[in-house]
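The values are calculated or read from the model by the stated rules, or taken from the named source; none is laboratory data. The structure presented is a predicted model; accordingly, all values stated were derived computationally and were not measured. All Cβ positions, glycine included, derive from the backbone under ideal geometry; neighbour counts span all protein chains shown. Only protein heavy atoms, including side chains, enter the accessible area calculation; ligands, DNA and RNA are left aside. Shrake-Rupley method; radii C 1.70, N 1.55, O 1.52, S 1.80 Å.
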Amino acid sequence: MSSLGTVVRDPQANAFTGGLALLGRRTPLPIEITPNAEKRRDNQPDYRIFSGSSELGAAWTKVGRESGREYVSLRIFHPQIGNQAIYATLGKAAGQDDDDVFAIIPNEVP
């Protein structure tokens, strides 16, 4: 399973920091996934995704239908990244024993 990068969770802040690997970039694009302090309704995102001062997208906490476990679903979009949104989830990073390290795993397009 391929990943678009990795993030590390800060359990105290309930936030994630890491990098997003993009074609044409030698180093991953630094990203932060921070709680959405302005969330007022259920349909608003639980998190906002930033690279520096640029907002790249949003994320929602969801519950797996079969597993019943919570996971984070991402929607990443910025004109400099591409003309279509990237949909991904945070999942266990390969080769990691640390429960706070997550891979950004792109959702497969049917």
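Under a 1.4 Å probe, what is the accessible area of the chain per residue, stated in Å²?
Spelled out: the 1.4 Å probe surface of the chain, per residue, equals 70 Å².
Counting only Cα, what are the radius of gyration and maximum Cα-Cα distance Dmax of region 9-86, in Å?
13.5, 39
What order do you get for 48-54, 9-15 when each peptide is scored by the mean count of other beta carbon atoms within 10 Å, highest first?
48-54, 9-15
Percent relative contact order of the chain, based on C-alpha pairs within less than 8 angstrom and at least six residues apart?
That works out to 23 percent.
Considering just Cα atoms, how many Å³ per residue does the convex hull of region 41-93 enclose?
Convex hull volume per residue, Cα atoms: 111 Å³.
For a quick check: with amide H placed at 1.01 Å from N, whose amide H comes under 5 Å from Asp46's, ignoring anything fewer than 5 positions away on the same chain?
Close amide H contacts, sequence-distant or interchain: Ala59, Trp60, Thr61.
Per-residue accessible area for Val101 at 1.4 Å probe radius, Å² rounded to 10?
Spelled out: Val101, probe radius 1.4 Å, area about 20 Å².
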